[in-house]
Amino acid sequence: MPSAPHYGLLLLLLIAEVSSNPLLRTSSIVGECEQVRAAPTNMASFRTVYAFAREMHPKTEKADIQYGTAGFRTKASKLGYVMYRMGLLAVLRARYKKAVIGVMITASHNPEPDNGVKLVDPHGEMLEQSWEKWATKFANVGDDQLEDVIKEIVNEFNIDMTNRVEIFIGKDTRPSSPSLAKSLMDGVLALSGKPVDFGIVTTPQLHYFVTCKNTRHAYGVPTEVGYYIKLVTAFKKLRGEEYNKGNYKNLIFYDGANGVGSKKIKIFQEQLGECLNVRHFNDAGIGTGKLNFMCGADYVKSTQSFPTGVPVEKNRRCASVDGDADRIVYYYVDDEENFHLMDGDRIATLIASYLKELLQKTGIDLNLGLIQTAYANGASTEYITKQLKVPVACVSTGVKHLHHKALEYDIGVYFEANGHGTVVFSQAAKDKLKEALKSEDKSETEKKAIERFLTLIDVINETVGDAISDMLLVETILHDKGWDVKDWEAAYTDLPNKLVKVVVEDRNVITTTNAERICTSPNGLQDEINSLVAKYSKGRSFVRPSGTEDIVRVYAEAATKEDTDRLAAEVAKKVYDMAGGTGPAPVIPQ
């Protein structure tokens with residue numbers, strides 16, 4: 001539990017939740033749909049769904065929108081009717097799963113005028129892939145077809161429409177989020193669901209709330225207070241009384257991207273006290289027009305430079321999160337003012353190596369694996385497989401693919417290079433650790449390692465990538481090792497790499513296989529890529545279409561920066577020529 005000086009803030013938080021959170025109140029949300037909400041849904045009431053859509057949330061866009069890895073994401077002005085329909089779908093999904101479903105309103109690292117929505121399944125995972133087609137269908141049919149689509153999905157899955165279900169809703173700090181949340185709630189109420197509005201929260205917090213509720217609090221208490229207490233209590237226990245250790249200094253610069261992560265880190269800092277000194281920047285908050293602008297994890301990763309607003313101090317450990325706080329990257333500048341990035345690959349290798357060392361100390365045999373995408377730096381993959389000797393699996397881009405694969409291991413570490421990732425533990429692994437802690441066959445040294453391992457699990461938000469939870473985990477490991485950021489980086493040397501975008505008329509002309517590493521169409525493009533890659537030492541390149549816009553992403557790496565830049569440009573030019581490029585053609589360096 002938190003120390004005495006911090007009970008005041010927790011009490012205020014709890015009072016705020018009791019005042020504003022429908023989970024803790026007996027009164028319900030009221031509005032235009034109150035009469036619909038009051039009674040179980042039947043087929044006749046679907047006409048009300050259509051009428052309400054036509055009158056208050058009519059479909060305003062002719063172009064289709066597609067539910068992708070990040071859900072729906074576009075200009076906020078185009079999403080009103082989409083939100084209403086996702087409220088309908090969330091209720092249907094909740095009734096089918098007989099569980100709470102979450103809906104998060106966010107566009108993550110996108111600019112402030114954008115927004116988006118994604119559904120959260122019962123155990124905190126992304127929406128099941130087979131239901132993505134239903135989300136796309138719901139978003140794109142005409143208003144007069146909504147009733148038929150609802151009947152279609154009810155009949156196909158034999159959904160009991162009399163069950164009362166709760167839909168947990170969260171939103172980021174964008175000015176458009178409150179009005180979009182209202183549209184979403186209208187959709188929930190239209191099918192007699194109960195919207196539970198958590199207000200402004202990080203995406204990982206909403207995933208956590210959903211998991212807690214559906215596990216009947218076995219994973220934790222489904223409130224912000226419960227979230228803070230679980231993570232901070234475990235972190236403090238691991239840190240102990242020695243805040244500085246070896247080369248590790250108890251100070252980190254934190255870039256909140258002017259988003260929800262900047263609001264929540266202040267609460268964490270209050271609870272952490274002196275055990276971790278977080279100096280936070282870019283915390284301007286709502287309505288400033290600066291969300292993700294020249295700051296945040298995506299900016300740092302893509303530009304390989306310091307974000308605006310963060311002071312540049314040599315060898316100072318810095319971290320940036322994105323707009324909804326599910327990504328994190330570390331970085332610093334050295335004595336010569338050279339920029340160094342510690343991205344998701346670096347975070348993953350640090351965690352995997354530490355877990356392997358700690359696991360060996362427990363004397364327990366558990367299966368540990370690391371999951372990457374094609375974007376992972378080749379040097380990190382070589383280090384993991386040859387030095388750490390940890391199995392590596394490569395999957396398609398998208399957290400849902402990494403998370404699913406990670407579940408195949410007792411301990412699955414997964415991170416995208418962009419800094420989105422976490423660690424998942426099987427229930428069998430947790431049970432094995434708890435049983436071993438009680439065993440008389442284990443030495444005191446082994447039991448101490450087991451106890452540390454179990455405490456470490458509570459620092460980790462297993463439900464989804466969580467920037468703040470990941471930061472606490474990294475800080476725990478660096479502190480325990482007595483490492484500064486330079487010690488961390490010394491494990492291996494990244495290959496120079498570059499990511500470029502090619503605008504095309506239709507991104508669907510590009511298709512891939514083998515975890516997106518091989519291009520299957522247009523015909524002949526992969527052969528051209530192979531020929532280009534063969535010219536460069538340690539060359540590697542692949543292309544993949546964006547999930548949300550008509551661009552093709554080109555990734556390249558090679559032994560030198562010059563070779564990398566040229567390889568990326570040459571592959572981009574081939575994509576432009578063979579896949580219907582538009583606008584200015586890529587320029588190949590001389």
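The values are calculated or read from the model by the stated rules, or taken from the named source; none is laboratory data. This structure is a prediction, so every number in the text was calculated from the model and none was measured. For neighbour counting, all protein chains shown are included, and Cβ atoms are generated from backbone atoms with ideal geometry for every residue, glycine included. Surface accessibility is based on the protein's heavy atoms, side chains included, excluding ligands, DNA and RNA. Shrake-Rupley method; radii C 1.70, N 1.55, O 1.52, S 1.80 Å.
Numerical summary
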quantity	calculated
Count - residues of region 281-302 that are open to solvent by less than 60 Å² (accessible area, probe 1.4 Å) and at pLDDT 90 or above	11
Inter-residue pairs, beta-carbon under 8 Å, first without any contact (Cβ under 8 Å) to a residue 24 or more places away in the chain and of a type outside the set (Gly, Ala, Ser) and in region 192-214, second outside any strand (DSSP E or B) and open to solvent by less than 20 Å² (accessible area, probe 1.4 Å), 6+ apart	212/220; 212/222; 212/226
Meets criteria (modelled with pLDDT of 95 or more and within 18 Å of the chain's Cα centre (by Cα)) for residue 256	yes
Qualifying positions in region 56-81 - among the β-branched types (Val, Ile, Thr) and free of Cβ contacts under 8 Å to residues at least 60 places away in the same chain	60
Where a residue in region 428-454 is touching a residue at least 12 places away in the same chain (Cβ under 8 Å) and of a type in the set (Gly, Ala, Ser) and its partner, wherever it lies, is crowded, with 17+ Cβ neighbours inside 10 Å and in a helix (DSSP H, G or I), with Cβ under 6 Å and at least six apart	436/450; 449/362
Restricting region 472-502 to residues that are under 12 Å from residue 245 (Cα atoms) and aliphatic (A, V, I, L, M), the residue that is surrounded by the fewest Cβ atoms within 10 Å (Cβ to Cβ)	477
Boolean, residue 77 is in a helix (DSSP H, G or I) and either within 20 Å of the chain's Cα centre (by Cα) or among the polar types (S, T, N, Q) (or both)	yes
Positions within region 332-361 being touching a residue at least 40 places away in the same chain (Cβ under 8 Å) and aromatic (Phe, Trp, Tyr), in sequence order	332, 354
Contacts under 6 angstrom Cβ, first residue in region 157-168 being open to solvent by 50 Å² or more (accessible area, probe 1.4 Å), partner modelled with pLDDT under 90, 6 or more apart	162/40
Hits in region 241-281 - residues which are within 12 Å of residue 319 (Cα to Cα), in contact with a Gly (Cβ under 7 Å, 6 or more places away or on another chain) and in a loop (DSSP other than H, G, I, E, B)	257
Residue 174 being within 30 Å of residue 462 (Cβ to Cβ), out of contact with any Ser or Thr (no Cβ under 6 Å at 6 or more places or on another chain), without any contact (Cβ under 8 Å) to a residue 40 or more places away in the chain and of a type in the set (Lys, Arg)	no
Extreme residue, most open to solvent (accessible area, probe 1.4 Å), among residues of region 204-231 that are aliphatic (A, V, I, L, M) and part of a helix (DSSP H, G or I)	229
Which listed residue, of 73, 95, is open to solvent by less than 10 Å² (accessible area, probe 1.4 Å), within 25 Å of residue 463 (Cα to Cα) and among the charged types (D, E, K, R)	95
Residues (part of a helix (DSSP H, G or I), small (Gly, Ala, Ser) and buried (at least 24 other Cβ atoms within 10 Å of the Cβ)) located in region 178-193	187, 190
Residue list for region 397-408, filter: open to solvent by less than 40 Å² (accessible area, probe 1.4 Å) and assigned to a loop (DSSP other than H, G, I, E, B)	397, 398
Tally, over region 467-514, of residues that are of a type in the set (Val, Ile, Thr) and in contact with a Leu (Cβ under 7 Å, 6 or more places away or on another chain)	3
Condition check for residue 254: farther than 30 Å from residue 199 by Cα and either of a type in the set (D, E, K, R) or open to solvent by less than 10 Å² (accessible area, probe 1.4 Å) (or both)	no
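Table: residues versus (1) at pLDDT 95 or above; (2) over 30 Å from residue 116 (Cβ atoms); (3) more than 32 Å from the chain's Cα centre (by Cα).
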| position | (1), (2), (3) |
| --- | --- |
| 542 | yes, no, no |
| 546 | no, no, no |
| 549 | no, no, no |
| 552 | yes, no, no |
| 555 | yes, no, no |
| 560 | yes, yes, no |
| 565 | yes, yes, no |
| 571 | yes, no, no |
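Per-residue answers, yes or no, for (1) under 16 Å from the mean Cα position of the chain (by Cα); (2) farther than 30 Å from residue 506 by Cα:
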residue: 64; (1), (2): no, no
residue: 84; (1), (2): no, no
residue: 89; (1), (2): no, no
residue: 101; (1), (2): no, yes
residue: 110; (1), (2): yes, no
residue: 142; (1), (2): no, no
